[in-house]
Amino acid sequence: MLDTTKFIIRDLLERGKISDEQVSRATSHAAEHQVELLEALVQTQCLTYRDLAVTRARICEYPFVDLDRFDIDHGNGSLIPASVAEKLGVFPLFVIDGVATVAMTDPLDLQAVDQVRQITRLDVEPVLCEEQALRTLIKRAYSMLRTTEALDGADHAPGDELTTGEEPIVAAVNQIIAGAVDAVASDIHISPDERALLIRYRIDGVLQTQQGPALAAHAGMVQRLKVMAGLDLTQTRKPQDGKFRFVHHGTPVDVRLSVVPTINGENVVLRLLRQGSKVAGIADLGMPEGIRAWYREAIARPHGMILVTGPTGSGKTTTLYAALSDINSPERNIMTIEDPVEIRLPMIRQIQADHGIGLTFASALRSVLRQDPDVVLVGEIRDEETAHIAVQSALTGHLVFSTLHTNDAMGTISRLQDLGVPPYAITNSLLGVIAQRLVRKVCVHCCAPAENGRADLARTGLSVDPDSTFVRGLGCSECAHTGYKGRCGVFEALPVTPGVSRAIETEAPRDVLLAEARRAGLRTLAEDAAAKAAGHITSVEEVLRLVVSVEEQPELPSAEPSVVERRLSA
């Protein structure tokens with residue numbers, strides 16, 4: 001095998017990718033840590049593995065193939081035994097007209113090329129790939145392939161226990177979860193259709209289809225997941241929920257499992273909660289300066305209620321945790337009631353709600369108030385009883401944080417009234433409301449100018465500075481060719497100022513409340529999103545998608561005075 005190290009170093013130096021000083025530093029690092037020079041260049045952050053692979057391809061005069069740019073059929077692994085693929089570092093990517101395009105870490109290894117040609121009985125066209133990406137592909141492809149082969153050779157009926165001693169099933173489940181963790185997915189969907197098994201990851205809020213085993217593996221995978229979560233293996237006709245911990249590369253990930261029966265079999269959704277998640281501070285949330293300043297001032301108050309609203313998955317918990325992180329100190333007794341506890345916070349007493357034993361938000365809140373708290377976080381105000389206790393807590397000297405599911409900040413007022421809280425109690429307890437959504441960020445590696453941004457925004461009634469420009473993502477390996485990588489929050493705030501209080505107490509129409517909120521500095525979710533598009537953080541398409549999601553919903557019908565309203569009026 002030809003050692004190309006010196007040629008690669010020379011090429012990198014000639015093209016200005018590295019300097020002599022970096023080579024010298026890497027040489028010392030290599031000697032100290034007993035690694036090869038090229039590996040040392042990566043470890044000292046002079047290069048990336050992709051840089052090395054591209055340069056090696058130039059030197060070897062073979063095409064470089066970015067595996068992330070293609071949807072590789074894992075079934076191609078059947079052309080070569082797994083042991084050979086792993087030993088030689090090879091995998092057939094495509095077979096067209098009797099020619100196999102084979103990914104290799106070293107296309108100059110002629111013995112490996114000849115061995116692949118003999119095994120596949122096909123002409124071989126070597127291409128060079130990044131070694132880590134190729135090893136990952138080989139591992140996952142053969143894991144799925146072994147599962148399918150094991151099931152094809154087994155005689156079983158749907159619902160039979162397939163995991164006892166069935167290593168391929170175990171490996172397939174582990175690979176699917178590990179792949180989701182690597183992709184920074186928030187959820188995994190395992191959905192049986194009539195003729196296929198659909199595996200999808202939710203990445204940056206959008207479901208993306210992944211390759212997985214055949215439909216025959218479904219029953220075994222569900223059984224394996226039930227074993228991991230301690231669920232009833234014999235029950236297939238009722239929904240079940242559970243949780244387990246998955247360790248990937250030494251990092252624990254808590255997984256919440258939901259199993260629901262459908263006409264095609266049990267549908268599985270796994271929510272991934274990373275233990276190592278860092279709690280952001282308010283400065284890290286991406287709030288506009290005006291909202292950030294108001295939020296910091298509000299959380300410094302000794303009592304009152306602050307609500308964060310938005311749909312599931314809009315980042316409400318992150319915003320609340322940021323506040324707790326900023327005010328957390330030994331001088332404050334902070335207690336939370338959550339369902340579930342997603343991130344553990346130091347010095348804060350966190351309670352896991354459990355409706356199965358009657359530990360609801362309302363019942364837990366009553367107990368918490370007897371623990372002499374200064375600050376209380378209630379995961380969600382879902383019912384009249386919780387709303388009543390939260391309001392009373394805010395009125396009696398506690399700083400209360402909670403969430404509501406409303407469309408925007410002003411919708412919180414009518415929602416509280418629907419829950420039986422009279423206007424005077426709202427104005428005396430509520431400090432303000434933050435509404436938020438998450439939008440995808442344009443990938444910085446493939447962003448390009450976008451046309452017609454101002455015109456598209458104008459059609460929705462949004463306006464931006466005439467000199468503003470906009471970008472979009474073209475799609476690249478860094479963003480899995482979606483054009484987006486990561487998400488950021490967009491926010492609107494409704495401080496309860498004297499003018500807003502008067503509008504609430506007089507039960508003024510929505511347009512009057514909006515006018516008072518505007519005078520208090522309110523900028524809508526869509527306006528904040530448009531500003532972030534003009535700042536090249538997100539795209540106009542994401543803004544338009546947000547506008548549709550926050551369009552005003554019909555008001556809920558009024559109800560008879562509730563038990564809570566009668567209590568508060570007494």
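The values are calculated or read from the model by the stated rules, or taken from the named source; none is laboratory data. Worth saying up front: this structure is predicted, and the values here are computed from it rather than measured. Quick reminder, even Gly has a Cβ in these numbers, built from the backbone with ideal geometry, and neighbours come from all protein chains shown. Note: areas computed on protein heavy atoms with side chains; ligands, DNA, RNA excluded. Shrake-Rupley method; radii C 1.70, N 1.55, O 1.52, S 1.80 Å.
Summary table
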| read-out | value |
| --- | --- |
| Unmet requirement for residue 467, which otherwise passes all of (1) part of a loop (DSSP other than H, G, I, E, B); (2) free of Cβ contacts under 8 Å to residues at least 60 places away in the same chain; (3) open to solvent by less than 80 Å² (accessible area, probe 1.4 Å); (4) out of contact with any Ser or Thr (no Cβ under 9 Å at 6 or more places or on another chain) | (3) |
| Boolean, residue 427 is of a type in the set (S, T, N, Q), open to solvent by 10 Å² or more (accessible area, probe 1.4 Å), within 31 Å of the chain's Cα centre (by Cα) and within 19 Å of residue 522 (Cα to Cα) | no |
| Filtered residues of the stretch 432-464 (kept if surrounded by fewer than 17 Cβ atoms within 10 Å (Cβ to Cβ) and of a type outside the set (A, V, I, L, M)) | 445, 449, 451, 452, 459, 460, 461, 463 |
| Subset tally (residues that are more than 17 Å from the chain's Cα centre (by Cα) and part of a strand (DSSP E or B)) for the stretch 249-283 | 9 |
| Pick from the stretch 470-498, criterion among the β-branched types (Val, Ile, Thr) and in a loop (DSSP other than H, G, I, E, B), ranking: modelled with the lowest pLDDT | 482 |
| Flag if residue 155 is at pLDDT below 85, closer than 18 Å to residue 197 by Cα and acidic (Asp, Glu) | no |
| Identity of the residue in the stretch 298-314, out of contact with any His (no Cβ under 8 Å at 6 or more places or on another chain) and either open to solvent by 20 Å² or more (accessible area, probe 1.4 Å) or part of a helix (DSSP H, G or I) (or both), that ends up modelled with the lowest pLDDT | 313 |
| Residue match in the stretch 106-118 (condition: under 30 Å from residue 442 (Cβ atoms), open to solvent by less than 60 Å² (accessible area, probe 1.4 Å), at pLDDT below 90 and outside any helix (DSSP H, G or I)) | no |
| Filtered residues of the stretch 471-492 (kept if out of contact with any Gly (no Cβ under 6 Å at 6 or more places or on another chain) and under 25 Å from residue 412 (Cα atoms)) | 487, 490, 491, 492 |
| Tally, over the stretch 357-397, of residues that are crowded, with 23+ Cβ neighbours inside 10 Å and not in a helix (DSSP H, G or I) | 5 |
| Check on residue 295, open to solvent by less than 60 Å² (accessible area, probe 1.4 Å), touching a residue at least 60 places away in the same chain (Cβ under 8 Å), among the aromatic types (Phe, Trp, Tyr) and out of contact with any Lys or Arg (no Cβ under 6 Å at 6 or more places or on another chain) | yes |
| Residue that is in contact (Cβ under 8 Å) with a residue 60 or more places away in the chain and open to solvent by less than 60 Å² (accessible area, probe 1.4 Å), where the choices are 53, 26, 40, 30 | 53 |
| Residue count, the stretch 180-226 (criterion: part of a loop (DSSP other than H, G, I, E, B) and either more than 24 Å from residue 239 (Cβ to Cβ) or not charged (D, E, K, R) (or both)) | 12 |
| Total residues in the stretch 56-70, condition open to solvent by 60 Å² or more (accessible area, probe 1.4 Å) and under 17 Å from residue 141 (Cβ atoms) | 3 |
| Top-ranked residue in the stretch 399-424 [being open to solvent by 30 Å² or more (accessible area, probe 1.4 Å) and not charged (D, E, K, R); ranked as farthest from the chain's Cα centre (by Cα)] | 424 |
| Residues of the stretch 476-514 that turn out to be open to solvent by 40 Å² or more (accessible area, probe 1.4 Å) and small (Gly, Ala, Ser), as a count | 1 |
| Filtered residue count, the stretch 327-354, keeping only those that are assigned to a loop (DSSP other than H, G, I, E, B) and either exposed (fewer than 13 other Cβ atoms within 10 Å of the Cβ) or aliphatic (A, V, I, L, M) (or both) | 11 |
| Looking only at the stretch 71-88, and only at residues there that are in a loop (DSSP other than H, G, I, E, B) and either at pLDDT 90 or above or in contact with a helix residue (DSSP H, G or I) (Cβ under 8 Å, 6 or more places away or on another chain) (or both), the one that is surrounded by the most Cβ atoms within 10 Å (Cβ to Cβ) | 80 |
